[in-house]
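The structure appears below as structure tokens.
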Amino acid sequence: MLTNFVIPDLLPAAPELFILAMACVILIVDLFVKSKARTLTFALTQLTLVGCAAITYMTSTGEITYTFSNMFVDDLMADLLKLFLDLTVIVVLFYARGYIAERVSMAKGEFYVLVLLATLGMMVMISANHLLTLYLGLEMMSLSVYAMVALNRDSTQATEAAMKYFVLGALASGLLLYGISMVYGATGTLEITQVAQALAQGAVNKTILVFGLVFLVAGIAFKLGVVPFHMWIPDVYHGAPTPVTLFIASAPKLAAFAMVIRLLVNGLFFLAPDWQQMLMILAVLSMAIGNLAAIAQTNIKRMLAYSAISHMGFMLLGMVSGVVGGDARFALNAYSSSMFYMVAYVITSVAGFGMILLLARAGFEADSLDDFKGLNKRSPWFASMMMVVMLSMAGIPFFVGFFAKFAVLQAVVAAGYMWLAIAAVLFSLIGAFYYLRVVKLMYFDAPLDETPIAAGFDTKLLLSANGLAVALLGLFPQTLMYLCAVALVRSL
Amino acid sequence: MLENYFPILLFILVGIAIGVLPIVLGWLIAPNRPDAEKLSPYECGFEAFEDARMKFDVRYYLIAILFILFDLEIAFLFPWATIFKEIVNTEAVKWFGFAEMMVFIAILVVGYIYAWVKGALEWE
Amino acid sequence: MMDMLQQFIQGVFGPAWPVVWNLLKIVAVVAPLLLGVAYLTYFERKVIAYMHVRIGPNRVGPLGLIQPIADGLKLLLKEIIVPSGADKWVYLIAPGLAIAPALAAWAVVPFADGLGVANIDASLLYIMAIASMGVYGIILAGWASNSKYAFLGAMRSAAQMVSYEISMGFALVTVLMVSNSLNLTEIVRAQDHGIFAGMGLTFLSWNWLPLLPMFIVYLVSGVAETNRAPFDVVEGESEIVAGHMVEYSGMAFALFFLAEYANMILIAALTSLLFLGGWLSPVGFLPDGFFWLAAKMSFVLFLFLWFRATFPRYRFDQIMRLGWKVFIPVSLVWFTVVGVWMMSPLNIWK
């Protein structure tokens, strides 16, 4: 019996194993770090992420490799997404560090460990080739994030947000699991590639499968935060401590994109006409409600939350345009445009929340729109950075957000959904209003608060680089687009 | 295979019967003359104040959560321990089989140390 | 003659025969067990009395031998009080929930090679599962009684029982590692081999010696699991009177009492089977048999009573500290040691 046992190849999972080992080490080391600033914990966490990125890069073969009895897959898309993920988390932690160190009631060391564990969960999600691996990664990420939202124990707002997030998240996980069990019932396997094979052979109960698909899409929609599964987003973004909001608003989006690809494209590609219909509804609703509700917000975290909803809707447009009338030749282009959109959004959103953190200081959150009034007088440089971010989010040429929207719209038009493209442009125009309002506040209003910006040098430098990246990627988007396209071509 | 479990089912039923019959018997044989004083909750002779189902220390929850973690861990150890001799005697998987469980335990120990240092195991 | 008799009886019962036959076997286990429980209480009072240089029960019957029967009859004739504010049904179900698992666990205990009600491969797992049900009876009793003492006692008892269940579990895992089976009969048979067994000194090949720390952990955890002195803070009469059973009277109380002693005997039986070679004879030249198991169980039970007469009661925080901060590390370490030992060339459990 035991002679049949195959010892798995650990190399494809090396980045995950490394991050897990280091998370354990850091958890223990942090117990003996007494300083308020937690410099050692911070440094170790950053080194871990850098090491993880290095291992991901070095072990990347460009081939599709399966391991752990085909439960885990390592391909170019996974490697690329993991590299983006590591980079995002590194930047997030640099921004978050000052805020965490200043707040007394915040559990400090745990923040870093939870970030690492959430990152691990996301990496497992990105590399999942089995519905249970996917679920494992998802839960690992979600549970860490629930705890992170509640890290500021004395804040009722944060606790409430964590509670809401946890209850709704548990519900969504339940929906997802239900969908998974349906897929298992219909195809007799949980392995994503085998699900695809079973579908290709055609001997499956379509009714059960479509029924399960509804639940899967609902679970995905919750994790992406698209309408009508978006209710948690504003509350959680608003209630969570800003560094945690920054984290939730960036890295998990990449993992959620991977989840969409793994489940819907790798697994259920044959049902594309079915899920495209569902995603289309979700996308249009998200763009409408996200953009309209954002106008009414006075809190910038909440505004960015609704903006995130609309962006996720826009990203889904790319997923909708893959297969037209049974013709899958548009698929790669459409999906790579979605991936590009996602990466561009993450870069921009990190900079946006980074700005909020930059203005925050001990005892002051800077999360109201009014706090951005007259930023130009306090710091012309960072006002211009914020402007770049806002213009990019609005999709104004020539920033990276414009090209992201452009690529997706191209895919939509190529798929023949003219009305969808027009709707998307219209909603983007509505969205431009509230982004430009921030610019107006910064440049044309008098500051309410003249305190000089107190962030550390590293944060300022990194935030500048981040803002410049948004601008420069707008000038040279081809490389990133090309990377996304290649990753998807080599992985699907 | 399953018929081996039939005596167990019977035994459980007998156990339940032994749990129920004496109470029924006591109910029938023993006197039953309740009065308000006799039925009041025992509180050293005082009138009972407050509800007895009161708030209790959060540490009981903590113990319960830690227990679930450790008990699950043991549940995972059971099948491994049962075939450990075979693992030792199969050269191909010997070290892998051992190392894997040690890693599993090591992760548990990390959590255990964390709980210890954070004071979750204190009971003042 | 016997064959004919058996055929005749089978003919009478027809297809119901397996049920009848198994019921007979069960009665053959339960009846002596309940008798054992009754006389364990007598034994306990006598032993502790002699340790205190007293005489103990001596009024009812010669040497007080009828005392347990008299106690039982008295309890039967006492009113079962259901306190006001109690959740009546839960209150009455709780004693049943305490005694049923304590008895049902005996279904898989082998009394000699091949002698037992059921011989299943997962017997140890079954015992683990059933024995941990016992805590429900206690916690429901405490909750349903609507009394603060009962409630506190139940909370403490539950916390204590689950805490010690972990170290017990680790002890079981190490026994499994060296036995290669979950079947209790196989676990005993595995103790019949070894260097010392080859020399005729079987008792040195039993699990207690190579797994000595685990043996101690298991034994002490067993005492704590059954809420016995010195871990009887849950029913410490000077503090929270009788704990979860403070409101119980008559037969309902008797059932809790029975459950506690049945659990003690179960722990004694398991300790004997897992660590003390079960029915195996300690030396090569004497035959194996049930009486060895009985002798070993009596020895372990005597230890239970001895502990009670010797040690003062622990405080609750000390109990929790011993469970979480001493036993768990010790069992983790010894678990690893046994693992490494078996991996090394010095492995004695080939």
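Read-outs throughout are calculated quantities, based only on the coordinates presented, and are distinct from any laboratory measurement. The structure presented is a predicted model; accordingly, all values stated were derived computationally and were not measured. Backbone-built Cβ (ideal geometry, glycine too); neighbour counts: all protein chains shown.
Among A:287-298, A:201-212, how do they line up from the highest to the lowest mean number of other beta-carbon atoms within 10 Å?
Going from most to least packed, we get A:287-298, A:201-212.
Per-residue mean of other chain beta-carbon atoms within 10 angstrom of the beta-carbon, peptide C:73-80?
4
So how compact is the stretch C:1-76: Cα radius of gyration and Dmax in angstrom?
19.8, 58
Of the peptides A:378-388, A:29-39, how do they stack up when ordered by the mean number of other Cβ atoms within 10 Å, highest first?
A:378-388, A:29-39
Please state the charge dipole magnitude for the stretch A:9-491, taken about the Cα centre, from unit charges on C-beta atoms (+1 on K and R, -1 on D and E), reported in debye and rounded to the nearest 20.
660
Could you work out the percent of alpha carbon pairs in the stretch C:208-350 separated by over 21 Å, rounded to a whole number?
Percent of Cα pairs beyond 21 Å in the stretch C:208-350: 55.
Scan chain A and report its longest stretch carrying no GluC sites (Glu not before Pro) that are both in a DSSP loop and have at most 12 other Cβ atoms within 10 Å.
Here the longest segment lacking exposed loop sites spans A:64-449.
Using a Gaussian network model of chain C whose springs link C-alpha atoms within less than 10 Å, name the residue from C:F311, C:F335, C:F256 with the highest mean-square fluctuation.
Greatest mean-square fluctuation among the candidates belongs to C:F311.
Please state the equivalent ellipsoid semi-axes for the stretch A:9-491: what are the square roots of 5 times the Cα gyration tensor eigenvalues, largest first, in whole Å?
Gyration-tensor ellipsoid for the stretch A:9-491: 34, 27, 20 Å.
To the nearest whole percent, what portion of all C-alpha pairs in the stretch A:1-135 is separated by more than 20 angstrom?
For the stretch A:1-135, the fraction of Cα-Cα distances above 20 Å is 48 percent.
If the reach is capped at under 28 angstrom between alpha carbons, list the lysines near B:K85, excluding any in the same chain fewer than eight residues apart.
B:K94, C:K296, C:K350
Put +1 on the Cβ of every Lys and Arg and -1 on every Asp and Glu Cβ in the protein assembly as shown; which of A:P273, C:V162, C:A28 then has its Cα farthest towards the positive end of the dipole?
A:P273
Counting Lys and Arg as +1 and Asp and Glu as -1, what is the net charge of the other residues whose Cβ lies under 15 Å from the Cβ of C:M51?
+3
Just tell me which lysines come within less than 18 Å, Cα to Cα, of B:K118; anything on the same chain fewer than 8 places away is out.
A:K34, A:K36, A:K108, C:K325
Can you give me the distance in nm between label points at A:D449 and C:F307, each placed 7 Å from the Cα along the Cα-to-Cβ direction?
A separation of 6.2 nm, rounded to one decimal place.
Please give the calculated 222 nm ellipticity per residue for the protein assembly as shown, where each DSSP H segment of at least 4 residues contributes -39500 (n - 2.57) and the sum is spread over every residue; nearest 500 deg cm²/dmol?
-23000 deg cm²/dmol
Provide a whole-number value for the mean count of partner chain Cβ atoms within 10 Å of the Cβ atoms in peptide B:98-105.
Mean shielding by partner chains, rounded to a whole number: 3.
In the neighborhood of A:S349, defined by Cβ-to-Cβ distances under 13 Å, what is the net charge if each Lys or Arg adds +1 and each Asp or Glu adds -1?
Here the count lands on +2.
Could you work out, residue by residue across B:83-94, how many beta carbons of other chains sit within 10 Å of that residue's beta carbon, and then give the average as an integer?
That works out to 6 on average.
Along the Cα→Cβ direction, 7 angstrom out, place labels at A:Q478 and C:I195. What is the inter-label distance in nm?
That separation, rounded to one decimal, is 7.7 nm.
Count charges around B:E122 for me, please; just the other residues with Cβ under 10 Å from its Cβ, Lys/Arg as +1, Asp/Glu as -1.
+2
Between B:R59 and B:A115, 0.36 nm times their residue separation minus their Cα-Cα distance comes to what?
18.9 nm
Over the Cα atoms of the protein assembly as shown, what radius of gyration and what Dmax do you get, in Å?
34.0, 113
By per-residue mean of other Cβ atoms within 10 Å, what is the highest-first order of A:117-123, A:262-268, C:23-29?
Highest mean packing first, the order is A:117-123, A:262-268, C:23-29.
Relative contact order for chain A using alpha-carbon pairs under 8 Å, separation at least 6, rounded to a whole percent?
15
Please report, in debye to the nearest 20, how large the charge dipole of the protein assembly as shown is about its Cα centre when each Lys and Arg carries +1 at its beta carbon and each Asp and Glu carries -1 there.
Roughly 1060 debye, rounded to the nearest 20.
Quick check on my link table: of A:K301/A:K373; A:K253/A:K377; A:K164/A:K253, which ones sit more than 26 Å apart, alpha carbon to alpha carbon?
Among A:K301/A:K373; A:K253/A:K377; A:K164/A:K253, the Cα-Cα distance tops 26 Å for A:K253/A:K377.
What whole-number value in cubic angstrom gives the convex hull volume per residue for the C-alpha atoms of the stretch A:341-396?
That works out to 84 Å³ per residue.
Pick out, from C:Y50, A:T156, A:V470, the residue whose Cα sits farthest towards the positive end of the charge dipole of the protein assembly as shown, with +1 on the Cβ of Lys and Arg and -1 on the Cβ of Asp and Glu.
Towards the positive end, the residue furthest out is A:V470.
Any lysines with Cα under 22 Å of the B:K38 Cα? List them, leaving off those in the same chain fewer than 8 positions away.
Excluding near neighbours in sequence, the set is C:K74, C:K78, C:K88, C:K148.
Select from B:A106, B:A92, B:A30 the residue whose mean-square fluctuation is largest in a Gaussian network model of chain B (Cα-Cα springs shorter than 10 Å).
B:A30
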